[in-house]
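Here the structure comes first, spelled out in structure tokens, and everything after it is commentary.
The values are calculated or read from the model by the stated rules, or taken from the named source; none is laboratory data. Only a predicted model underlies this, so the values are computations on that prediction, with no experimental measurement involved. Methodologically, a virtual Cβ is constructed for each residue, glycine included, from the backbone with ideal geometry; neighbour enumeration extends over all protein chains shown. Please note that ligands, DNA and RNA were not included when accessible areas were found on the heavy atoms of the full protein model with its side chains. Shrake-Rupley method; radii C 1.70, N 1.55, O 1.52, S 1.80 Å.
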Amino acid sequence: MFCAIPPPERSEAMTKQLALVIDLNTCVGCHACGAICKSWNTSGQFGPLTDHNPYGKDVTGVWFNRIQTYEVGEYPDVEVVHFPKSCMHCVDAPCVPVCPTNATYKREEDGIVLVNYNDCIGCKYCSWACPYGCREFDHHDGVMKKCTLCVDRIYDQTLPEDERVPACVLACPARARSFGDINDPESEVSRAIRDKMGYKLMPETGANPANHYLPRRKTHVALDLDQVTVKKQKAIIVTRKSAQEGETLIEDFGIGG
Amino acid sequence: MRPEYSLILLTVLAGAGQGVFVFLATGDMSGFSKGSRVPPMTTITGLGVALALTLAGMAASFFHLTHKARGIKAINKWRFSWLSREVVLLPIFVGGMVVYGLLYFIGAHPVIIQATGLAGIVVVLALFISTAMIYGHLSFIREWGTAYTPVNFTLTGLISGWVFGAAVYQMALAPVGATLFNLRLFFVLAIVGLVVKLLYYRRNCGLYSPTTIQTALGINHPKIRLMETGSAYPTYNTEEYHYTALKEKRGILKGVSIIALYLVPMAAMAWDYMAILSGGLAILAPVAAISAMAGAFVERWVFFVEGNHAQNHYYGNFPAKIRPNPILQSGKKDAPLPPGV
Ligand code: SF4
Ligand code: SF4
Ligand code: SF4
């Protein structure tokens, strides 16, 4: 399954593959998507996501969407990256073929990977086979659970049309999450992947995840001082070194004048 | 990975049961070819031991399932899932053993018996491979995803079963010809098994993983540190895939398993072999059986806990000793790595 070169993109342009695209550049790490996911799914059609010891010590429970936070770089060149992760609805989902009972399956019509709770025997094999750790065992129900891509929302005709998207997409205050068909080149998600360099996690595992992430972006202005023709203007530069030392060393000098 | 005791019991006990069967089948074949067949009752007793071991393992694995009544559905995907194949092959093996025993019981023609034994050995090998490939095909658990896994499962099962079979032969005073042949085979199995195990442990010491925190997050920066797991308490992600008990002692446990699984049985069987040749008392096979069983349990426990799942990268639980491949890393500048910070 491991190969140095990622497998070629499938020519599946015709089939639908719904997915989430998560923008790490705008995600603020508020955990709203995780909380609404829990709230929607625990009160949804498929039964609650069980919590154990909810008001006691060592509380633990089933969540479909967890957010980690990482520090990238070293002070002072450091960025904090919040990283929400739910099932990637992989195109070549490794969790599907391993399931002995066929409880885990990938829907042909839209590519959503689901678990049939009535068939799952709780062997946990799929959770070992998922490279992303996106499956959660419900010890109370004894079955494996995971993000459903809100399949009970996105086709619900009783909801207003603009609300037929996953709960986490609606909830995100930073609009870091978008939802759509990544195989439709004109969809919002496909455009975002194209324009903002969307990428997949762990391409080397060959799982070919459908969810994509958009990287942090920085705007660099390449300015050559010789080309600046503005006259009699003052530029104020606070050097990083001085700010670090707590001094306010301000150099001001004129350009071109 | 967290060790699943029901699975350790299944793989060790059923593996030994399979080993006993292969022992009995080859024993009778060699006796048959030498014209001094093993008495049917000896083989039937041995089959009883094999059946008891296998059924005990199957019973243990049953406890692994939360929905036991649906267990039958696990045969649905035999074309894709190694677990499903194991579930299909286990009853075939058990049924085959019963048939094999019945053939002895009714005194079937020896050729039919040998043919059935041979077919049984094929089923046993397929079963060993199915059981091991459940773990062996998870290539991103680098400790498991290797050809060593099926080879090791097969050899461990054969070795631990072999000593049980030898104990049965000893107690039933089976003919010397068959016993000696099987004892010689034991040394082949044990030495190959030991070499494979040492190579396997050596491989796991200097393991490379193509998955790094960089590919896990898609952020191409050498310094990435986990700040928050997003949960104040342990979660499925931190409990199921990461196990720290006896972390410092695992090297010692490996040594214990090598002594108990290979060295002690080899010494005991060597004693027995010499005793048979010199007309002395060959009584150490049961000792070897107990020792090999204990060794196999420790070995399997270590196998489970040593697996490092790729998702541990997200939780800062991936050991630093598993490095990215330096050859791939050296070409990093040109490689199309995901864009990042
Ligand atoms: S992220 Fe994991 S659970 Fe989801 S489809 Fe991929 S392999 Fe399966
Ligand atoms: S835990 Fe359930 S869904 Fe997962 S592989 Fe086993 S039967 Fe299939
Ligand atoms: S798509 Fe639905 S189930 Fe999946 S993470 Fe978002 S809210 Fe949760």
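Just checking the output field for A:20-26: average partner chain Cβ neighbours within 10 Å of each residue's Cβ?
Counting other chains' Cβ atoms within 10 Å and averaging over A:20-26 gives 1.
Interface A/B, total buried accessible area with a 1.4 Å probe, nearest 100 Å²?
Protein heavy atoms only, the A-B interface buries about 5200 Å².
Averaged across orientations, what area in nm² does the convex hull of the alpha carbons in the range A:18-214 project? Mind showing how you got there, number by number?
On the way: hull surface 50.8 nm².
Across all orientations, the range A:18-214 yields a mean hull projection of 12.7 nm².
Could you give the accessible area per residue of the range A:43-96, probe 1.4 Å, as a whole number in Å²?
In whole numbers, the range A:43-96 has 44 Å² accessible per residue.
How far apart, in nm, are the 7 Å Cα→Cβ label points at B:Lys247 and B:Val188?
About 4.4 nm separates the two model spin labels.
Sort A:Met197, B:Met29 by heavy-atom solvent-accessible area, probe 1.4 angstrom, most to least.
Final ranking, largest accessible area leading: A:Met197, B:Met29.
Leaving ligands, DNA and RNA out of it, work out the accessible area of A:Thr15 with a 1.4 Å probe and give it in Å² to the nearest 10.
Roughly 60 Å² of A:Thr15 is accessible to a 1.4 Å probe.
Leaving ligands, DNA and RNA out of it, report the carbon-plus-sulfur percent of the accessible area of the range B:88-213 at a 1.4 Å probe.
Its accessible area is 82 percent carbon and sulfur atoms.
With a 1.4 Å probe and every protein chain kept in, tell me what percent of the accessible surface of the range A:18-214 is carbon plus sulfur.
Here carbon and sulfur together make up 53 percent of the probe-accessible area.
Taking a probe of 1.4 Å, how large is the accessible area per residue of the range B:37-161, in Å²?
41 Å²
Counting Lys and Arg as +1 and Asp and Glu as -1, each charge on the Cβ, what is the dipole of the protein assembly as shown about the Cα centre in debye, to the nearest 20?
My answer is approximately 1160 debye.
Could you give me the ³J(HN,Hα) list for the range B:14-19, computed from phi with Karplus coefficients 6.51, -1.76, 1.60 and θ = phi - 60°, whole Hz, x at Gly and Pro?
Working through the residues one at a time gives 5, x, 5, x, 4, x Hz.
Report ³J(HN,Hα) in whole Hz for each residue of the range B:73-79, in order, from the Karplus equation J = 6.51 cos²θ - 1.76 cosθ + 1.60 where θ = phi - 60°; Gly and Pro get x.
5, 5, 8, 3, 10, 4, 6
Given a 1.4 Å probe and the protein chains all in place, what does the accessible area of B:Ile112 round to, in Å² to the nearest 10?
90 Å²
Accessible area, 1.4 Å probe, largest first: how do A:Glu71, B:Glu299 sort?
A:Glu71, B:Glu299
Along its three principal axes, how long is the range B:7-85 when you only count alpha carbons? Whole Å, largest extent first please.
50, 25, 19
May I ask you to rank A:Thr60, B:Thr11 by accessible area, largest first, using a 1.4 Å probe over the protein chains only?
Numbers: A:Thr60 50, B:Thr11 15 Å².
So the residues, ranked largest to smallest area, are A:Thr60, B:Thr11.
How large is ³J(HN,Hα), in whole Hz, for each residue of the range B:91-107 in order, when computed from phi with the Karplus curve 6.51 cos²θ - 1.76 cosθ + 1.60 and θ = phi - 60°, using x for Gly and Pro?
Karplus-based 3J(HN,Hα) across the range B:91-107 equals x, 4, 5, 4, x, x, 5, 4, 4, 4, x, 5, 4, 5, 4, 7, x Hz.
Calculate the length of the line joining the C-alpha centroid of the range B:253-283 to that of the range A:131-207, in whole Å.
59 Å
Provide the three semi-axes, in whole Å and in decreasing order, of the ellipsoid equivalent to the protein assembly as shown as defined by the square roots of 5 times the Cα gyration tensor eigenvalues.
For the protein assembly as shown, the semi-axes come out at 57, 28, 20 Å.
Can you send over the solvent-accessible area of A:Trp128, 1.4 Å probe, protein chains only, in Å² to the nearest 10?
About 10 Å², ignoring ligands and nucleic acids.
Picking from A:Pro173, A:Cys87, A:Val62, whose Cα lies most toward the positive end of the charge dipole for the range A:18-214 (charges on Cβ: Lys, Arg +1; Asp, Glu -1)?
Selected residue: A:Val62.
Using a loss threshold of 30 Å², tell me which positions in the range A:59-78 are less accessible in the complex than in their chain alone. Probe radius 1.4 Å, ligands and nucleic acids ignored.
Residues of the range A:59-78 that lose at least 30 Å² of accessible area once the other chains are added: A:Val59, A:Arg66, A:Gln68, A:Thr69, A:Tyr70, A:Glu71, A:Val72, A:Gly73, A:Glu74.
Calculate, in whole percent, how much of the Cα-Cα pair population of chain B lies beyond 32 Å.
Tail of P(r) above 32 Å: 38 percent of Cα pairs.
What share of Cα pairs, in percent, lie more than 16 angstrom apart in the range B:93-143?
Working: 656 of 1275 pairs.
Within the range B:93-143, distances greater than 16 Å cover 51 percent of Cα pairs.
Just to be sure I understand the model, the point goes 7 Å from the Cα along the line to the Cβ. What's the resulting A:Arg217 to A:Asn25 distance in nm?
For the pair A:Arg217/A:Asn25, the computed spacing is 0.3 nm.
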